[in-house]
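To start, the structure under review is shown below, and the notes come after it.
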Amino acid sequence: MAYTEEELKKELETQEYEYGFVTEIDADTFSKGLSEDVVRAISKRKEEPNWMTEWRLEAYRSWKKMKEPEWSNVKYIKPDFQEISYYSAPKSKDKYESLDEVDPELLKTFEKLGISVNEQKKLAGVAVDIVVDSVSVATTFRETLSKKGIIFCSISEAIREYPDLVKKYIGSVIPRKDNFYSALNSAVFSDGSFCYIPKGVRCPMELSTYFRINQAGTGQFERTLVIADEGSYVSYLEGCTAPSRDENQLHAAVVELIALDNAEIKYSTVQNWYPGNKNGKGGVYNFVTKRGICHTNSKISWTQVETGSAVTWKYPSCILKGDNSIGEFYSIAVTNNYQQADTGTKMIHIGKNTKSTIISKGISAGKSQNSYRGLVQVNPRAENARNFSQCDSLLMGNKCGAHTFPYIEVKNNTAMVEHEASTSKIGEDQIFYCNQRGIDTEKAIALIVNGFSKEVLNNLPMEFAVEAQKLLEISLEGSVG
Amino acid sequence: MQLTEKLISSFLAFELDIDIHSDIHNIRTNAIKKFEELGFPNKKLENWKYTSLNRIIKEDYTVFSKKKNVIDFKKVKDYFIDNIETHKLIFVDGFFDPFLSQTSHDGLDICIMSAALSKPKYAKIIEKYFNKSANLEDSLTCLNTAFSKEGAYVHIPKNTVLEKPIEIIHFATGNEAALMLQPRNLVVVEQGAEVEIIESHQSLTVNPIFTNSVTEIFAEKNANIDYYKIQNDVVTSSLVDNTYISQKRNSDVKVHTFSFGGKLTRNNLNFFQKDSSINSTMNGVTIIDYDQLVDHHTLVHHANPNCESHQDYKGIYSGKSTGVFNGKIIVDKIAQKTNAFQQNNNILLDNKSTINSKPQLEIFADDVKCSHGCTIGQLDQDALFYLRARGIPKKEAKALLTYAFANNVLESVKIPELKIRVKNIIAKKLGVSLGFDL
């Protein structure tokens, strides 16, 4: 039987979230609410030095004065910040020495996610830091990495053991007062990953973090700090899931990347938080601030596959401060049912001969709204800046929306800036062309959607590309072959 | 006194002059209330993010010119298009000038707003169309509505094809220091009728002039309108042009905007497609220098199926000039088979010039073809070298390439005399004489 777009639409509407299980793990959860005492308690629980506690408190004080931003093209019920528990940790006092000590229930969680720690460790050679409900529970491959001088650990450990590095760089790219959610995160972040690559070292394996919100009524506020010293290279992966819950959960992370001279950072995200059920109930609010700074001759590349979350609101950005630096942004955002996404990037050209590339693909189905919002700014001193942006949207059905809000600000006459955008559906002529050549409709749709997102998928590291494919299948099953 | 307060208090004086018992007056009173509430737009508003009116509204403007000024045709001859017969509607300091104008009532109405607003024979049309497509939430439009009294009134009856174009010129003598003008125009083109209109604003003084103009255009079934806006004013005058176009089935409206002059020029161009199979076209060429600013804000609302819209804006910026382009296309759920195209190309010639471009799409229908493109760059060095290698001086070569860049838009001008005029303005602007016709 021929597979039609109608059927695909029906399938999309009824597609359920595959990762919606709850793991029964004893958790140590703070009671709901936020105050200076809660901030102090988090800091104390993490055994942090005084300067960190003060740093958090100052962030909390400025957060209190700030208003929640409203300019985005998404509609949602604002979270009640006093109804969230700001700390939840799987109950176990000591840090695990080896995988055998990890709660078997937890390990099962990872197996269900398809990221069995063991498997990853042996086969893929990926070092993984796993964060459940904001606390880091397992870090693999640490020894191999430390031989090269690479530091890869949880951020709370880094605060204790490498205070100089943390003190120097934390908040240097995203100041505490940058925005409402970054201030909140700075005050209450409970854990996250820290990574430092020393001068001239090429990280031999992909580094990876897995985030999961498990406990009900908690928010996840993780903090990631990646520093690539002069001439180094690192590829960093990040994945996220959450169980199905009726209420909306808040995820407000901050990711800071620092690429010093001649360094290169590749940061890939596969985001698959619980998107809510098909009536739009529940789901995760994903309000994330991600930003990287490029020094001379360095390069930062963001790749993201956004398939989950009820509301996604994030703009991974690059500040191209150094001469000859390069910023890249590759994104696929898939929205279905009542999901909303307002995502894009900012490329700030400050140095001479800086280059940036933006490739954004949006696929909307069901009753979802998908927006691209991006800024390309060329400052007066950024001689010979070059930018290429492309945003394509694919619409499935007439109940969804696709929006484009590009901001282009150029203050230098040697700049070359190109922007193009298109919106379309899967063309009948495209399917006809395939049919004509003996490819049935199902395969044709698969081919077209695959081709539509290929430019971005190609930029994911091998180990992740497979998983990203799998996630696209979940959101658009039947269309990806 | 701040301009805002001055305007609000002048409204009381304005009321002494007009019939305050008419229905129109209710519209005016509501509008001034709205303006009082909103005030002048500031940079905090998303729509005014890149354009500040502060340097314009700080001047001490005379809100209405007290006396009618007479100008000599010989002095202003150059501002008229040569060698062409036109219907003329000429206004001086906001007053109609019957000596320079050539109105017509021969089966159609090409006359003035003050007559249309007061005489009973126009009441039906005014009731049906006046302030019906203008944005009631826009502060500057409301300000204009409150003081609406004079401007062009054009009503073309069914199946009438107008042979001569209509030329509308607003002169400002500014004899009484700084002057603020608020012309209000209404153009109604009935079923199957065709018309060409050329509009310009010209200041004859070095005193600051601030024009806040509102034009409402209604194109009924199968109507055809070509509207040319020639903005080549002196660098001491500023213009905010709010144009609202409402279209019915099979109508075709084209607006061509040529922005070469003025201190600050803001064009708010809004198209509302009220039926299916409609064509809307927006073309624009901007060539500015010094600290001039030109801001094009376009909105096309596709609310019905099978419609098309085309936008093509070219900009060339020298000196410390700033260009802003904000194009918004909205495609409603039911507007299937929409074909919307938007293009914005810019050239920056100096390192002090700035361009802010924001082409937006908001799409709720799936079977549509919508695309936009935006580029910012320089003149092609290879092409420049090619021309110079053939003995063409640098200045002329640059001018040639500039023409080529803007040619797409210039080609869309249907009146040959107007094309020559635009060409001459560009040549003058670039300081060259070109030995060819477009």
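Taking the alpha carbon gyration tensor of the range B:380-438, what are the square roots of 5 times its eigenvalues, largest first, to the nearest whole Å?
With the √(5λ) rule applied to the range B:380-438, the semi-axes are 22, 12, 9 Å.
Provide a whole-number value for the mean count of partner chain Cβ atoms within 10 Å of the Cβ atoms in peptide A:422-435.
3
Given the peptides B:185-191, B:8-14, arrange them by the average over their residues of other C-beta atoms within 10 Å, most packed first. Mind showing how you got there, number by number?
Values: B:185-191: 23.0, B:8-14: 14.6.
For the peptides B:185-191, B:8-14, the packing ranking is B:185-191, B:8-14.
On the principal axes of its Cα set, how long, how wide and how thick is the protein assembly as shown? Give whole Å, largest value first.
In descending order, the Cα extents are 99, 65, 60 Å.
Using 1/(1 + (r/R0)^6) with R0 = 45 angstrom and r between the beta carbons of A:Asn384 and A:Asp429, what's the FRET efficiency to the nearest 0.05?
Plugging the Cβ-Cβ distance into 1/(1 + (r/R0)^6) gives 0.65.
What distance in nm separates the two pseudo spin-label positions at B:Lys44 and A:Ile77, each 7 Å out from Cα along the beta-carbon direction?
Taking the simple label geometry, B:Lys44 and A:Ile77 are separated by 3.0 nm.
What average number of partner chain Cβ atoms lie no more than 10 Å from the Cβ of the residues making up A:394-407?
Whole-number average of other-chain Cβ neighbours for A:394-407 is 6.
Using the heavy atoms of the protein chains alone and a 1.4 angstrom probe, what is the accessible area of the protein assembly as shown per residue in square angstrom?
Value for the protein assembly as shown: 39 Å² per residue.
Can you tell me, using C-alpha contacts under 8 Å and at least 6 residues apart, the relative contact order of the range B:380-438 as a whole percent?
31
Along the range A:309-315, what does the Karplus equation 6.51 cos²θ - 1.76 cosθ + 1.60 (θ = phi - 60°) give for ³J(HN,Hα), rounded to whole Hz, x for Gly and Pro?
With the stated coefficients, the range A:309-315 comes to 6, 6, 10, 10, 8, 7, 9 Hz.
If you take the beta carbon distance between B:Ser52 and B:Glu137 as r and set R0 to 22 Å, what does 1/(1 + (r/R0)^6) give as a FRET efficiency, to the nearest 0.05?
So the FRET efficiency works out to roughly 0.60.
Give the average, rounded to an integer, of partner chain Cβ atoms located within 10 angstrom of each Cβ in B:346-356.
For peptide B:346-356, the averaged partner shielding equals 5.
Of the peptides B:280-287, B:377-384, how do they stack up when ordered by the mean number of other Cβ atoms within 10 Å, highest first?
The peptides rank, most packed first, as B:280-287, B:377-384.
For the pair B:Glu411 and A:Arg40, how long in nm is the line joining their label points, each one 7 Å along Cα→Cβ?
Roughly 7.4 nm, to one decimal.
What percent does the relative contact order of the range B:3-275 come to when contacts are Cα pairs within less than 8 Å and at least six residues apart?
Taking the mean separation of contacting Cα pairs over the length of the range B:3-275, I get 15 percent.
Give me the one-decimal nm value for the distance between modelled label points at B:Lys394 and B:Val234, 7 Å along each residue's Cα-to-Cβ direction.
Computed distance between label sites B:Lys394 and B:Val234 equals 3.2 nm.
List residues of the range B:65-96, by number, whose backbone nitrogen lies under 18 Å from a label position 7 Å along Cα→C-beta of B:Tyr290.
Output list for this probe position: empty.
So if I place +1 on the C-beta of Lys and Arg and -1 on the C-beta of Asp and Glu, and nothing else carries charge, what would the dipole magnitude of the protein assembly as shown be about its Cα centre? I want it in debye, nearest 20.
Charge dipole, the protein assembly as shown, about its Cα centre: 2120 debye, nearest 20.
Classify chain B: rounded, prolate or oblate, from the alpha-carbon gyration tensor (a ≥ b ≥ c, eigenvalue square roots; a/c under 1.5 rounded; otherwise prolate if a/b is larger than b/c)?
Note, shape of chain B comes out rounded.
Interface B/A, total buried accessible area with a 1.4 Å probe, nearest 100 Å²?
Separately minus together, B and A give about 2700 Å² buried.
What is the packing order of peptides B:119-127, A:278-286, taking the mean over residues of other C-beta atoms within 10 Å and listing the highest first?
The most tightly packed comes first, giving A:278-286, B:119-127.
Starting from 0 in steps of 5 Å, tell me what percent of the Cα-Cα pairs of the range B:221-273 lands in each bin.
6, 17, 27, 19, 13, 11, 5, 3, 0
Between B:Lys121 and B:Asp106, what length comes free when the chain is fully extended (0.36 nm per residue of separation minus the Cα-Cα distance, one decimal in nm)? Walk me through the intermediate numbers first.
On the way: separation 15, 0.36 × 15 = 5.40 nm, distance 1.49 nm.
So the extension gain works out to 3.9 nm.
Tell me, what HN-Hα J-couplings in whole Hz come from the Karplus equation 6.51 cos²θ - 1.76 cosθ + 1.60 at θ = phi - 60° for each residue of the range B:157-166, using x for Gly and Pro?
So the J values, rounded to whole Hz, are x, 3, 6, 9, 9, 6, 7, 9, x, 9.
Under the 0.36 nm per residue contour assumption, what length would be gained going from the current alpha-carbon distance of B:Glu163 and B:Lys333 to full extension?
Net length gain for the segment: 57.2 nm.
In deg cm²/dmol, rounded to 500, what helix-only [θ] at 222 nm does chain B give when every DSSP H run of at least 4 residues adds -39500 (n - 2.57) and the total is split over its residues?
On the way: 10 runs with 101 residues, N = 438.
Value at 222 nm, helices only, nearest 500: -7000 deg cm²/dmol.
Can you tell me the relative contact order of the range B:261-389? Whole percent, Cα pairs under 8 Å, sequence separation 6 or more.
Numbers: 337 pairs, mean separation 29.2, N = 129.
Reported as a whole number, the value is 23 percent.
The values are calculated or read from the model by the stated rules, or taken from the named source; none is laboratory data. These numbers were taken from a predicted model, which means no experiment stands behind them. In this analysis, Cβ positions are derived from the backbone assuming ideal geometry, glycine residues included, and neighbour counts consider all displayed protein chains. Heads up: the accessible areas ignore ligands, DNA and RNA and are worked out on the full protein's heavy atoms, side chains in. Shrake-Rupley method; radii C 1.70, N 1.55, O 1.52, S 1.80 Å.
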